[in-house]
1. Farthest toward the dipole's positive end in the chain, which of T211, A256, A120, given Cβ charges of +1 (Lys, Arg) and -1 (Asp, Glu) about the Cα centre?
2. What does the helix-only formula give at 222 nm for the chain: each DSSP H stretch with n ≥ 4 adding -39500 (n - 2.57), the total divided by the residues, and the result rounded to the nearest 500 deg cm²/dmol?
3. Tell me the carbon and sulfur percent of the accessible area for the stretch 172-275, rounded to whole percent, probe radius 1.4 Å.
4. About its Cα centre, how strong a charge dipole does the chain have in debye, to the nearest 20, once Lys and Arg get +1 and Asp and Glu get -1 at the Cβ?
5. Please give the contour-minus-distance gain from S161 to R89: 0.36 nm per residue of separation, less the Cα-Cα distance, rounded to one decimal in nm.
6. How much accessible area per residue does the chain have, in Å², with a 1.4 Å probe?
7. Ratio of the stretch 195-269's C-alpha Rg to 2.2 N^0.38 Å, to two decimals?
8. Please give the peptides 78-87, 63-72, 146-155 ranked by average Cβ packing (other Cβ atoms within 10 Å per residue), highest first, as a rough proxy for protection.
Amino acid sequence: MMPLRPFEIHQPADLAQASDTLRELGDEASAYAGGTELLLAMKFDVLHYPHLVDIKKIPRLNSIEVTDDHLEIGATTTHYQLERSELVRSHLPVMAEMESRVANVRVRASGTIGGNLSFAEPHSDPATLLNVLDSSVVLQSTRDKREIPIGEFVIGAYETSLKEDELLTRIRIPLLQPHQRTAYTKFQVHERPTLGLALLLEIPDGGSEITSARVAVGCVSPFPQRSSEAEALLIGEPSAVEGKLDQAADVLADQAELVDDAEGGIDYKRSLIHTFLRRAYDQIIARVKPRGAPQIGGSG
Ligand SMILES: Cc1cc2nc3c(=O)[nH]c(=O)nc-3n(C[C@H](O)[C@H](O)[C@H](O)COP(=O)(O)OP(=O)(O)OC[C@H]3O[C@@H](n4cnc5c(N)ncnc54)[C@H](O)[C@@H]3O)c2cc1C
């Protein structure tokens, strides 16, 4: 690790000031939140910026609210705040649970959800889960404000659709309906996860039929991937869907552009997708109330 090269920290009072500073300084500057990725990359001299624009003090960027049938999360909210939030725990327990398993407590205490998504490191848990929750992100600059689906935001390894003077300000997640059931499963050996797999199934009353499915896999590929073909295989009577899980896992793996890296080879990652798709599916089905039987677990 190298000693950090000198840099200047700017502390804008609001979003407009932050955006203007980023535009004026161009390639010389980067937004800076918890610093868990950025400062590490600068210590290793992989990145260098003479100017960092600290966005942590910008009002309303650190918030968790329920508005307009959405859970809205400000970009500088930390993983730890999300893990502990009563609002997240009650409205989206799958998210609180996923957040409680991100990294270690030191990283969770300073690392933000906005930093996680904006860095677009391929081993991101939130990016994978947010994909099946049909989430969107709000991007703002002095000149513009736009909201786009998460799938159009993270577009490659370390690549997003952020413009030079834009900040990710909010993440908007539609509240789950009672018939929507979710699971997030994860496998990790080293510092970052080897695989994350998120599943959402729509199972109306009685549990006799899965009417819609969303599945995304992450960490095994440059960025999280959904597969409409795999999702189609997960619709139908649960007993029939169970017989198609291996086929769905293969389709998901085929479309995911699996990467052969330090976490493992392509065949290994394909077999993990099989195991963890089944695990996520079993978790959801175990929580669904069979007709006439007492409720076993909650939704989400
Ligand atoms: C040891 C270790 C283990 C980890 N394990 C996991 C894991 O298990 N699962 C997982 O998902 N992640 C993991 N991570 C990643 C971790 O979640 C991120 O490091 C953290 O969330 C990044 O947030 P930050 O606020 O520190 O970002 P910073 O380091 O401050 O910024 C990262 C990048 O995002 C940009 N940026 C930050 N905020 C914004 C914004 N609002 N708008 C626009 N651009 C912005 C910065 O310019 C920079 O390029 C791990 C990281 C470490 C160091």
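The values are calculated or read from the model by the stated rules, or taken from the named source; none is laboratory data. Since this is a predicted model, take the numbers as computed values, not measurements. A quick note on method: Cβ atoms are made from the backbone with ideal geometry, for glycine too, and the neighbour counts reach across all protein chains shown. Side chains included, ligands, DNA and RNA excluded: accessible areas come from the protein's heavy atoms. Shrake-Rupley method; radii C 1.70, N 1.55, O 1.52, S 1.80 Å.
1. Positive-end residue among those listed: T211.
2. Details: 13 runs with 107 residues, N = 300.
Computed mean residue ellipticity for the chain: -9500 deg cm²/dmol.
3. Numbers: 2030 of 4240 Å².
Carbon with sulfur: 48 percent of the solvent-accessible area.
4. Here the chain has a charge dipole of around 900 debye.
5. Contour length minus Cα-Cα distance gives 22.9 nm.
6. 45
7. Values: Rg = 13.4 Å, N = 75, 2.2 N^0.38 = 11.3 Å.
Against the empirical 2.2 N^0.38 Å value, I get 1.18 for the stretch 195-269.
8. Listed from highest to lowest mean packing, they are 78-87, 146-155, 63-72.
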